[in-house]
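Undergrad: Handing you this structure, nothing more for now.
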Amino acid sequence: MNCVSTLAITTHLFLPSPPQVLSAEPEIGSVTAVRGTVMLKRPGTENQIAVREGTAFKVGDVVETGEIAAAQLTLADDSFMNLGPGAAVRVNQYSFDTVTNRRTAIIRVLEGKVRFVVFRIRRGDSSFRVEADKALVTAGALADFVVMTSPGQAEVAALESSFNVRNTLP
């Protein structure tokens, strides 16, 4: 009886993958709409990643839109931000406890025009704060407003509800 042995050789090709930045910070929201070029930069790295719908973001991430781009970022508590062309934001602090219904948010508008919509009533000691170069906006329960910032100035426009605006000039 003849035995025929077959030797199978398998080769694997390993290509370098793009570097991924791992962060211990939890995801706090996701990008829910993108038009044009939108980039995300994680703290501690110079690498930027292209953003698409569904991309998660974390505290400290900077999201930037290109000159002919726009994006919508939705936070875990369903509040959201619409970034216009040439805008950039960073969420400096964020927490949302679904059990106690308490939200704390501090968001920095680095440049451009950003609309903020806070439309769900949360616990009374919740806060939603937006910082810009020359302004500080604090929203209570419900708010819809736009912050426009450029070097040395900031403008705030109320679209609905009430909030507090403070000039931060020295």
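The values are calculated or read from the model by the stated rules, or taken from the named source; none is laboratory data. Every value quoted in this text rests on a predicted model; they were computed, and no experiment measured them. Using ideal geometry, Cβ is built from the backbone for each residue, glycine included, and neighbour counts are taken over all protein chains shown. Quick note on the areas: whole protein, heavy atoms, side chains included, nothing else; ligands and nucleic acids left out. Shrake-Rupley method; radii C 1.70, N 1.55, O 1.52, S 1.80 Å.
Undergrad: Could you check region 98-110 and list, in sequence order, the residues that are in contact with a strand residue (DSSP E or B) (Cβ under 8 Å, 6 or more places away or on another chain), open to solvent by 10 Å² or more (accessible area, probe 1.4 Å) and free of Cβ contacts under 8 Å to residues at least 40 places away in the same chain? If you could, list the steps in order and put the result at the bottom.
TA: First pass over region 98-110, keeping only residues in contact with a strand residue (DSSP E or B) (Cβ under 8 Å, 6 or more places away or on another chain): 102-110.
Filter once more, so that each one left must be open to solvent by 10 Å² or more (accessible area, probe 1.4 Å): 102, 104, 106, 108, 110.
R102, T104, I106, R108 - these are the residues of region 98-110 that are in contact with a strand residue (DSSP E or B) (Cβ under 8 Å, 6 or more places away or on another chain), open to solvent by 10 Å² or more (accessible area, probe 1.4 Å) and free of Cβ contacts under 8 Å to residues at least 40 places away in the same chain.
Undergrad: Looking only at region 129-147, count how many residues are in a strand (DSSP E or B), more than 24 Å from A69 (Cβ to Cβ) and either open to solvent by 20 Å² or more (accessible area, probe 1.4 Å) or polar (S, T, N, Q) (or both).
TA: Count: 6.
Undergrad: Further question: Of all residues in region 63-77, count the ones that are within 13 Å of the chain's Cα centre (by Cα) and over 24 Å from R102 (Cα atoms).
TA: Of the residues in that region, 5 qualify.
Undergrad: Does region 114-128 contain any residue that is open to solvent by 50 Å² or more (accessible area, probe 1.4 Å), closer than 21 Å to L40 by Cα, touching a Gly at 6+ places or on another chain (Cβ under 9 Å) and not aliphatic (A, V, I, L, M)? Full working, then the answer.
TA: In the first step, residues of region 114-128 are kept if they are open to solvent by 50 Å² or more (accessible area, probe 1.4 Å); the result is 115, 119-121, 123-125.
Then drop every residue that is not closer than 21 Å to L40 by Cα, which leaves 115.
Then keep just the ones that are touching a Gly at 6+ places or on another chain (Cβ under 9 Å); that gives 115.
Cutting the leftovers down to not aliphatic (A, V, I, L, M) gives us 115.
Within region 114-128, one or more residues are open to solvent by 50 Å² or more (accessible area, probe 1.4 Å), closer than 21 Å to L40 by Cα, touching a Gly at 6+ places or on another chain (Cβ under 9 Å) and not aliphatic (A, V, I, L, M).
Undergrad: Looking at E53, E46, can you tell me which residue is at pLDDT 95 or above and assigned to a loop (DSSP other than H, G, I, E, B)? Quick ask: steps written out before the conclusion?
TA: Working: E46 fails: at pLDDT 95 or above.
On inspection, the qualifying residue turns out to be E53.
Undergrad: Residue under question is I106, and the condition is that it be aliphatic (A, V, I, L, M) and assigned to a loop (DSSP other than H, G, I, E, B); does it hold?
TA: Values: aliphatic (A, V, I, L, M): yes; assigned to a loop (DSSP other than H, G, I, E, B): no.
Criteria not met by I106.
Undergrad: Another one. I need the full set of residues from region 51-63 which are open to solvent by less than 70 Å² (accessible area, probe 1.4 Å) and out of contact with any Leu (no Cβ under 8 Å at 6 or more places or on another chain), in order please. So that I can check it myself, show each step before the final result.
TA: Just the residues of region 51-63 that are open to solvent by less than 70 Å² (accessible area, probe 1.4 Å), to begin with: 51, 54-63.
Result: G54, A56, K58, V59, G60.
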